[in-house]
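Just below is one structure, and these are the notes that go with it.
Values in this text are rule-based calculations from the coordinates and carry no lab data. The structure presented is a predicted model; accordingly, all values stated were derived computationally and were not measured.
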């Protein structure tokens, strides 16, 4: 688990994909997050699926919460 900033990753090491839509599912062993794009009058188009354990999903939640708090301290409340 890491809260590395995007600046710490080399651009050629990771592919960036825009997402404004996601769906979360789970079973007894995994949490599944599907990311995609949704625009008016069009079905969502998914492009990425992340499958992880519940404990790592919980860590992701913690990391996102902390990152958003820092974001809001710097830029104001996200709507």
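At full extension, residue 16 and residue 71 could sit 17.8 nm farther apart than now, given 0.36 nm per residue minus the alpha carbon distance. Each Cα pair under 8 Å and six or more residues apart adds its separation to the average, and for the chain the resulting relative contact order is 21 percent.
Computing P(r) over Cα pairs in 10 Å bins from 0, in percent directly from the structure and comparing it against [x] 21, 44, 26, 8, 1; [y] 18, 58, 22, 2; [z] 15, 35, 42, 9 singles out [z].
Given only helices, namely DSSP H runs of n ≥ 4 each adding -39500 (n - 2.57), what is the per-residue ellipticity at 222 nm of the chain, to the nearest 500 deg cm²/dmol? Taken over the chain, the calculation gives -9500 deg cm²/dmol. Each part gets one Cα centre, and for the range 59-79 versus the range 26-42 those centres are 21 Å apart. Were the residues from residue 58 through residue 29 laid out at 0.36 nm apart, the gain over their Cα-Cα distance would be 9.1 nm.
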